[in-house]
Structures are given as C-alpha cells and as structure tokens.
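First the structure, in the form of structure tokens, and then the observations on it.
The values are calculated or read from the model by the stated rules, or taken from the named source; none is laboratory data. Just so it is clear, the structure is predicted and the values come from calculations on it, not from any experiment. Because the Cβ atoms are built from the backbone with ideal geometry, glycine has one as well, and the counts that use them run over all protein chains shown.
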C-alpha cells in the first residue's frame with residue numbers, strides 16, 4: 001500500500017525529471033561498445049519489411065539511373081531524417097546513380113545541399129557531373145505537378161547546371177526514382193501526383209509519427225517501401241553498411257536513448273494503471 | 001460583384017484544373033499559366049506574411065497595455081527577423097560548411113566521460129551562426145520537448161477504463177515496445193518477437209483503419225471542392241458585409 005501511495009505522488013514534474021535523466025543516460029552510454037553490440041544484434045534481427053522493400057528496390061535499379069531526392073524536413077526532425085538521407089545518398093553514389101537533390105522546405109535546402117556534398121566527397125563524386133543541387137523548390141504540390149510536365153521548369157536551378165545527365169531528363173517520367181524524406185505532407189503529394197498520374201517510382205522515408213499514415217500506400221504499391229523514423233534509419237544503415245559495433249553511426253546509437261524512453265513510457269503506463277485499478281477496487285467506479 | 005467575381009474565378013480555375021486531368025492537350029497551356037501564378041502568389045504571400053508579422057509585433061511593442069514579457073518577446077522577434085534578413089542578404093547561404101557540437105566519449109575510463117568537441121568552424125555568419133548555431137538547436141530543442149509531453153500524456157491518458165481503452169492501451173504498448181531493440185530483447189526472454197506483432201498491428205490493423213480514413217477524407221474533399229466550384233461554399237472569400 002505504501003508503494004501505491006508513492007505512485008499517487010507522481011506529478012508531471014516527476015515524469016519530466018525522470019525523462020530528462022533517462023535521456024541523459026541514453027546520450028552518455030549510447031557510444032559504449034557492448035551496448036552498441038546488443039542494439040545492433042537486436043536491430044539486425046528485426047529489419048522492418050517496409051525498409052527492406054525500399055532498399056531492395058533501390059538496389060535493383062541499374063547503374064547511371066537518375067534519382068531525385070527531396071529532403072523535405074527542417075532542423076527539428078534532423079535526428080530521424082538525416083540518417084535516412086545520408087544512407088540513401090551512400091547507396092546512390094555506391095551504385096553510381098545520378099542524383100538531383102532538392103527540398104520543398106526552405107530550411108531543408110541548406111541541410112540537403114550540405115549532406116549531399118559531404119557524402120559525395122566520400123565517394124569522389126563531382127557536383128554538376130554526378131549530382132546536382134536543385135536548392136529550394138517553391139510551390140509544394142504545384143511544383144510537384146509541374147515536375148510531371150517539365151522538370152527543369154519546376155526546378156529552375158537545373159537550367160544553370162551543365163551536368164551531362166540532365167540532357168536526357170525532360171519530365172519526372174524520365175527519372176528512375178523519386179525518393180522523398182518528409183516531415184510533412186510532401187511524400188503524399190509525390191505519391192498522389194507523380195506516382196498516380198505520371199507513373200513515377202516513389203519511395204522514401206518519414207518521421208515515426210507519420211509512418212502509420214503511409215501504410216495504405218505501401219500495401220497498394222503506390223509507395224515502394226518506407227524508412228519510418230529512427231528505426232527505419234537504423235534499418236537503412238544496417239542494410240547499406242552492415243556495420244560492426246565500433247562503426248555504427250547516429251541512427252543505431254540513438255536507438256538506445258529511444259529504447260530507454262519507450263521503456264520508461266511503458267513503466268509509467270503500468271504504474272498509472274496499477275493506481276487506477278487499485279482505486280477502482282477500493283472506491284468503486286464513481287471515483 | 002465584389003463577391004461574385006472571386007466565386008467566378010474560383011469556379012473557372014477549378015474547372016480548368018479538373019479538365020486538365022482528363023484533357024491535358026486542350027488545357028495544358030492555361031493550366032501551366034495558372035500553376036505559375038500560384039507559385040508567384042505564394043511568393044508574394046511570404047512578403048505579406050512578413051509585413052503582417054512586423055505590424056502586429058510593432059503594435060504590441062508600443063501599446064502601453066502590453067505586458068513587459070510580451071514586449072521583450074516582440075522586440076526579440078522584430079530584431080531576429082531584421083538581422084536574419086540583412087545577414088542572409090549580405091553573406092548569402094554557403095552550404096559547404098557545417099559546424100556543430102559533437103558528443104565524444106572517453107572510452108578508456110570505466111564510466112564514460114563526456115567531452116565536447118567542435119567539429120568544424122566556418123567564417124560564414126549566416127550558415128554558421130544563424131542557421132547551424134541558433135536556428136538548428138532552437139528548433140531541435142522545441143521538437144524534443146515532445147518526448148516530455150508524450151511521457152506525461154501517456155501516463156495520464158492510457159488507462160484501462162473500458163474495453164476500447166484497454167485495446168488501445170495494449171496496441172499502443174506493443175507498438176511502442178516493438179519499434180525499439182529493448183522490446184525484442186525483453187520479450188525474447190519469453191520467446192516472443194514483439195517487433196513482428198508490432199509490425200502486424202501497423203501493417204494490417206492500422207492500415208485498414210487508415211485506408212478508411214483516407215477514403216472518407218477523399219470523399220469529403222470532393223464534396224468541398226464541388227461546393228466551392230458551384231459557389232455554395234463561400235468561406236474562402238470572407239464574410240459578407
């Protein structure tokens with residue numbers, strides 16, 4: 001009974017403080033070798049089918065395929081979205097794809113350009129030869145609609161690029177894949193407009209909270225797989241790099257923090273229900 | 001006429017866009033013009049938004065009834081806006097450089113010690129200071145507050161009050177644990193792979209419900225669009241005088 005009385009004293013402040021402590025522990029210990037090893041082993045055994053589907057499709061594309069990557073997210077969701085973008089770029093450059101990198105978000109353009117240049121330099125790829133930075137594309141759904149008619153009209157910076165591979169690209173239909181990493185509605189725009197109307201292959205990633213909304217599109221094959229949230233990013237890292245514990249990057253490492261917070265939430269839910277059931281048994285339904 | 005003209009423009013524009021889906025050869029050019037207009041108008045809307053924000057903030061700053069805290073917040077907003085615009089125009093965006101704090105752990109000690117390390121420093125004020133050092137961490141910090149609120153909200157909301165609430169509670173708990181390695185690790189001790197159960201809930205039960213919602217939203221959108229085209233729905237042109 002003393003425990004129940006203690007549980008009843010849990011306030012919002014207690015929860016906030018506990019979450020802060022768990023987050024700090026997660027951040028500190030995420031780089032410890034044996035924790036990374038356990039994380040990696042567990043993640044290797046539980047690759048999400050949607051992640052595998054997306055990865056396999058990208059892997060099946062022939063070399064020199066032209067892919068458009070649209071990083072439609074801002075700094076707030078970088079933790080989830082950045083590793084997806086990074087691994088997509090790694091896979092694309094490893095497979096010798098030609099990449100067009102854009103963002104439909106003004107603050108995403110900076111992130112996408114920086115990340116593309118960083119990954120490209122690791123694979124000795126040249127700007128305006130192997131990849132093109134399309135910058136911020138204004139207009140969201142309208143811009144996507146324009147891509148179906150005239151890609152260079154929709155992405156004006158492409159007109160300035162001397163990249164040879166752009167000569168054969170007139171509309172989005174000429175692209176082998178559109179890969180959208182979204183923290184908003186843009187992935188759905190790409191599916192509804194480019195896939196449904198123009199038959200362009202669309203795949204992508206999104207934040208964890210959005211992933212549930214995307215499943216109908218995956219089942220109807222309008223969306224070719226999906227990397228959902230940090231788990232999707234970790235799946236992608238394992239599929240692409242198959243890293244050893246001392247080689248893992250952010251996505252796999254941060255899964256420890258996410259594991260701790262998820263476990264904490266479950267503990268809080270159990271505590272809340274113990275108190276609730278106890279009160280109901282003691283005082284009846286009215287209380 | 002003041003109300004009829006916008007309604008007429010809405011109807012014509014909507015019809016042209018719909019016809020373009022079925023007859024792209026006939027309405028291709030006019031649709032292209034309309035698309036360009038949308039992009040131009042969206043760009044002007046940004047200017048309008050900035051001016052509106054400036055006027056409201058300036059009014060709040062000078063009004064005597066405004067609380068001192070609000071006044072400070074509004075001054076910070078105005079200054080941030082002006083400084084960002086000026087620095088952005090002077091230095092421009094340079095995406096070649098990044099600079100960020102990286103958490104590096106000392107693995108040689110028993111309890112890992114933290115030491116912070118600057119990864120890279122650049123000289124561009126806009127990319128380095130405004131974007132990566134101010135906007136980036138502030139934006140991430142705001143979003144990360146969700147972790148605290150979700151923990152607090154789930155403590156208060158997820159209670160087994162009745163059958164439906166219990167089902168919701170169980171499904172949520174399975175998905176919460178199924179998305180992280182610790183779930184498989186803990187349930188693996190009793191021979192259960194919770195990530196598979198979580199995937200089933202997301203890919204089958206959730207997808208069925210999401211599909212129903214999507215279809216309902218689609219039908220609703222068609223109805224609203226038809227009401228707009230026929231001038232029945234007039235809320236987008238404001239209240240009548």
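When B:130, B:134, B:174 are checked against the criterion of being more than 8 Å from chain A (Cβ to nearest Cβ), surrounded by 17 or more Cβ atoms within 10 Å (Cβ to Cβ) and free of Cβ contacts under 8 Å to residues at least 40 places away in the same chain, a single residue qualifies: B:174. Only a single item in (1) farther than 30 Å from residue A:139 by Cβ; (2) in contact with a helix residue (DSSP H, G or I) (Cβ under 7 Å, 6 or more places away or on another chain); (3) part of a helix (DSSP H, G or I); (4) within 11 Å of chain B (Cβ to nearest Cβ) is not met by residue A:47, and it is number (3).
Summed over the range B:22-76, residues that are under 22 Å from residue A:153 (Cβ atoms) and surrounded by 13 or more Cβ atoms within 10 Å (Cβ to Cβ) total 11. Listed conditions (1) within 9 Å of chain B (Cβ to nearest Cβ); (2) touching a strand residue (DSSP E or B) at 6+ places or on another chain (Cβ under 8 Å) are all met by residue A:18, apart from (2). The selection criterion, being at pLDDT 90 or above, in contact with a strand residue (DSSP E or B) (Cβ under 7 Å, 6 or more places away or on another chain) and within 27 Å of residue B:130 (Cα to Cα), holds for residue A:70. Highlighted here are the helices (runs of 4 or more DSSP H) found entirely within the range A:199-287 that include at least 2 residues which are more than 12 Å from chain B (Cβ to nearest Cβ) and on the phi < 0 side of the Ramachandran plot: A:229-241, A:250-283. Selection within the range A:198-212: residues that are more than 14 Å from the chain's Cα centre (by Cα) and at pLDDT below 95. The member of this set that is surrounded by the fewest Cβ atoms within 10 Å (Cβ to Cβ) is A:199. Number of residues in the range A:1-15 that are surrounded by fewer than 17 Cβ atoms within 10 Å (Cβ to Cβ) and within 7 Å of chain B (Cβ to nearest Cβ): the value is 1. Sort out for me the helices (runs of 4 or more DSSP H) sitting completely within the range B:1-119 that have 3 or more residues that are closer than 30 Å to residue B:130 by Cα and at pLDDT below 90. Here the list reads B:24-62, B:68-91. What residue, of A:84, A:111, is away from chain B (no Cβ under 14 Å), touching a helix residue (DSSP H, G or I) at 6+ places or on another chain (Cβ under 9 Å) and either within 23 Å of residue A:227 (Cα to Cα) or at pLDDT 95 or above (or both)? Only one candidate qualifies: A:84.
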